[in-house]
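Notes to accompany the following structure.
The values are calculated or read from the model by the stated rules, or taken from the named source; none is laboratory data. For clarity, every value in this text was computed on a predicted model and none was experimentally measured. Every residue, glycine as well, gets a Cβ built from its backbone with ideal geometry; the counts of neighbours run over all protein chains shown.
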Amino acid sequence: MKALSFIFCIFVLLFQWFLFFYAPLEKTLGVVQKIFYFHMPLAWWSFVAFFFVFVFSLLFLIKKDLNFFSLAGIFGEIGVLFSTLMLLTGIFWARASWNTWWTWDPRLTTAFIMWFSYTIYLMLKNSQYDKQRILASCLGIVAFLDVPLVFLAARLWRSIHPSVFSAKGGIDPKMEVVLFLSFIVWGILFSLLVFIRIRILKTEEYVIKRVYESF
């Protein structure tokens, strides 16, 4: 845990230097474009988190093991955190790029539905009743159907949201380097949050067990 925290700090400092001194300024948006290096990795890592919610929710329904339910909840929490930050950074991007804080563009709409669905999932997963746990797990599985739609929305429907991978010529090579580094930074933070949350969960279980044993 300490080693991962140290690695994260090093990569954050490295990323900051590349972000402000290496990455070129975009001609139209200027410095605001640098939100891109936060917005896109946050979106992708939230997809990863929701994929694990899908997997562990499915395993919980099959094997009825509460450990799988707890793991699904951990990834759900991190996924909602990252997708919330994704939406917030997207709002600032939209204001600078489209002169509006929000528009019901297909990608923005599907992303909002994804965030809303998993927020409800978090509310349900805190229940101690088996029926609501099953309901939460079902929602964790069904909600994942929206994740591919968020990714494909700009291609399936007419969208004003930019798509980096579909743009002709791609992006500047220097931007690619910084983007790749940003994926690493957010990935390390993602892993660190998972480990911290699992440790907290084990500590809670240990305390509860000792309390029961004391009676």
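Scanning region 109-123 for residues that are farther than 16 Å from Leu85 by Cα and among the β-branched types (Val, Ile, Thr) yields a single hit, Ile120. Ser70 meets the stated requirement of being crowded, with 18+ Cβ neighbours inside 10 Å and either hydrophobic (A, V, I, L, M, F, W, C) or in a helix (DSSP H, G or I) (or both). Condition check for Trp157 on (1) under 15 Å from the mean Cα position of the chain (by Cα); (2) modelled with pLDDT under 95: one failure, at (1). Among the criteria (1) modelled with pLDDT under 80; (2) in a helix (DSSP H, G or I); (3) charged (D, E, K, R), the one Arg107 does not fulfil is (1). Could you run through region 31-55 and say how many residues are over 16 Å from the mean Cα position of the chain (by Cα) and without any contact (Cβ under 8 Å) to a residue 40 or more places away in the chain? Qualifying residue count, region 31-55: 3.
Filtering Ser163, Ser137 for residues that are small (Gly, Ala, Ser) and either at positive phi or at pLDDT 90 or above (or both) leaves a single hit, Ser137. Considering the conditions (1) farther than 16 Å from Ile198 by Cβ; (2) under 21 Å from the mean Cα position of the chain (by Cα); (3) surrounded by 14 or more Cβ atoms within 10 Å (Cβ to Cβ), Trp104 is excluded by exactly one of them, (3).
Total residues in region 142-151 satisfying the condition of being surrounded by fewer than 17 Cβ atoms within 10 Å (Cβ to Cβ) and either touching a helix residue (DSSP H, G or I) at 6+ places or on another chain (Cβ under 7 Å) or under 13 Å from Phe47 (Cα atoms) (or both): the figure is 2.
Scanning region 118-132 for residues that are modelled with pLDDT of 90 or more and surrounded by 21 or more Cβ atoms within 10 Å (Cβ to Cβ), we see that the one that is farthest from Ile62 (Cα to Cα) is Tyr118. For the structure I just gave you, tell me whether Met40 is part of a helix (DSSP H, G or I) and touching a His at 6+ places or on another chain (Cβ under 9 Å). So Met40 does not fit the description; no. Leu81 meets the conditions (1) of a type in the set (A, V, I, L, M); (2) more than 18 Å from Leu124 (Cα to Cα); (3) under 10 Å from the mean Cα position of the chain (by Cα) in every case but one. The failed one is (2). Of the numbered criteria (1) touching a helix residue (DSSP H, G or I) at 6+ places or on another chain (Cβ under 6 Å); (2) crowded, with 18+ Cβ neighbours inside 10 Å; (3) among the hydrophobic types (A, V, I, L, M, F, W, C), the one Leu4 fails is (2).
Scanning region 73-101 for residues that are surrounded by 14 or more Cβ atoms within 10 Å (Cβ to Cβ) and polar (S, T, N, Q) gives Ser83, Thr84, Thr89, Ser97.
Within the option set Ser83, Ser70, being of a type in the set (S, T, N, Q), modelled with pLDDT of 95 or more and closer than 27 Å to Val150 by Cβ holds for one residue only, Ser83.
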